[in-house]
1. Run lengths n ≥ 4 of DSSP H only: what is the helix-derived mean residue ellipticity at 222 nm for the chain, with -39500 (n - 2.57) per run over all residues, to the nearest 500?
2. Per residue of region 142-151, what does 6.51 cos²θ - 1.76 cosθ + 1.60 with θ = phi - 60° give for ³J(HN,Hα)? Whole Hz please, x for Gly and Pro, Karplus curve as stated.
3. Show which lysines lie in cross-link reach of residue 79 when reach means a straight Cα distance below 20 angstrom and same-chain residues fewer than eight apart are skipped.
4. Spin-label point model (7 Å from Cα, Cβ direction): what's the residue 142 to residue 34 distance in nm?
5. Relative to the Cα centre, what is the charge dipole magnitude of the chain, using +1 at the beta carbon of each Lys and Arg, -1 at the beta carbon of each Asp and Glu, and rounding to the nearest 20 debye?
6. How big is the Rg/Rh ratio for region 39-156, C-alpha atoms only, Rh by Kirkwood, two decimals?
Amino acid sequence: MNLDLIANIAEIIGVILVVITLAFLTLQIRQNTQAIRATTMKSAMQSEMEFAAILLNEAGVWEKILTGAPVAAGEETRKSILLFNVFMIDTESRFHQFNAGYLDRQAWEGRWSTMPQIVKLPAFDTWRHSMGGRSRSADFLKLLDEILAEVANDSDA
């Protein structure tokens with residue numbers, strides 16, 4: 001055998017090995033992405049359950065938030081601010097997870113569908129101008145402002 005033939009065979013084998021390696025890496029990346037999505041969904045569900053437990057303990061305060069009823073000064077006011085802030089932090093987390101491709105559409109849309117009602121609440125306006133509301137990411141705040149504008153346009157029509 002001459003050296004050119006051996007070089008050509010080695011090159012073909014090298015190309016085949018590169019293709020096999022790329023196929024294997026593609027499979028690994030796909031499996032890793034699925035695992036991350038499953039973990040993110042589990043985390044979102046766990047967060048939902050933890051928040052539900054908190055709301056169960058503070059049902060009276062949360063009811064006042066949702067109905068716009070006045071909250072008592074002092075502890076009840078602090079609880080209402082914290083409850084609303086926790087809800088919004090969780091919403092922002094889901095927003096970023098969805099945008100990154102780690103949270104599926106259904107999980108995000110479940111929360112997203114509540115936002116037009118949330119931005120109408122007096123607690124939202126209070127939160128939006130608080131440190132908690134101002135410290136959220138710019139893209140999340142932009143989304144909230146867009147929802148608020150849509151709600152305002154719907155009520156004007």
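1. The helix contribution divided over the chain gives -28000 deg cm²/dmol.
2. 4, 4, 4, 5, 5, 5, 4, 5, 4, 4
3. By straight Cα distance, residue 79 reaches 64, 120.
4. That separation, rounded to one decimal, is 3.4 nm.
5. 260
6. Reported Rg/Rh, Kirkwood definition of Rh: 0.96.
Bear in mind that the values in this text are calculations on the coordinates, not laboratory data. It should be emphasised that the depicted structure is a prediction, and the values quoted were computed from it without experimental measurement. In this analysis, Cβ positions are derived from the backbone assuming ideal geometry, glycine residues included, and neighbour counts consider all displayed protein chains.
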